[in-house]
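*Asks:* Sharing a structure, written as structure tokens. Questions coming.
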Amino acid sequence: MEYEDIILETFLKEQERLFKKPVAETLEEADEFLADCMAQVFQDIEEVREYLREAGMDIEELSEEDIKEVLEVFSIPDGRYLVVEA
């Protein structure tokens, strides 16, 4: 597995925020899916902001809370963030 269980579990629980129907049902499927779409894990919201900026998203006016609400951003219970490019 490429991603830690806490990340996979969070994605499995919250994937329907981003997708109309589940794209994974098991930890292994979630790991494969996240690897296929090159999902990235960031230590804090500032790293997420920089990543989204570099990806060309217009986020200059967004607050930290707004960035956390972007559909592609998943808050991990340990304080990190998962960004999934769908």
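The values are calculated or read from the model by the stated rules, or taken from the named source; none is laboratory data. This structure is a prediction, so every number in the text was calculated from the model and none was measured. Note: ideal-geometry Cβ built from the backbone for every residue, glycine included; neighbour counts use all protein chains shown. Keep in mind that these areas ignore ligands, DNA and RNA; they rest on the heavy atoms of the full protein, side chains included. Shrake-Rupley method; radii C 1.70, N 1.55, O 1.52, S 1.80 Å.
*Asks:* Could you please give the count of residues in region 3-32 that are surrounded by 17 or more Cβ atoms within 10 Å (Cβ to Cβ), over 14 Å from residue 78 (Cβ atoms) and among the hydroxyl-bearing types (Ser, Thr, Tyr)?
*Replies:* Number satisfying all stated conditions: 0.
*Asks:* Can you tell me which residues in region 33-61 are crowded, with 16+ Cβ neighbours inside 10 Å and assigned to a loop (DSSP other than H, G, I, E, B)?
*Replies:* 39, 59
*Asks:* Which condition breaks for residue 84 when tested against (1) more than 14 Å from residue 4 (Cα to Cα); (2) out of contact with any Asp or Glu (no Cβ under 8 Å at 6 or more places or on another chain)?
*Replies:* Evaluating residue 84 over (1) more than 14 Å from residue 4 (Cα to Cα); (2) out of contact with any Asp or Glu (no Cβ under 8 Å at 6 or more places or on another chain) leaves (2) as the failure.
*Asks:* Next question. List the residue pairs whose Cβ atoms are under 7 Å apart, where the first residue sits in region 23-44 and is at positive phi, the second is exposed (fewer than 12 other Cβ atoms within 10 Å of the Cβ), and the two are 6 or more positions apart or on different chains.
*Replies:* 38/85
*Asks:* In addition: Sort out which residues of region 64-86 are out of contact with any strand residue (DSSP E or B) (no Cβ under 8 Å at 6 or more places or on another chain), modelled with pLDDT of 95 or more and open to solvent by less than 50 Å² (accessible area, probe 1.4 Å), and write them in order of number.
*Replies:* Within region 64-86, 79 is the sole residue that qualifies.
*Asks:* Is there any pair linking a residue in region 62-81 that is more than 14 Å from residue 51 (Cα to Cα) to one that is in a loop (DSSP other than H, G, I, E, B) and modelled with pLDDT under 95, with Cβ under 7 Å and at least six apart or on different chains, and which?
*Replies:* Every condition considered, the pairs that remain are 71/18.
*Asks:* Just one of (1) in a helix (DSSP H, G or I); (2) over 17 Å from residue 69 (Cβ atoms) trips up residue 15, so point out which.
*Replies:* Residue 15 satisfies all of (1) in a helix (DSSP H, G or I); (2) over 17 Å from residue 69 (Cβ atoms) except (2).
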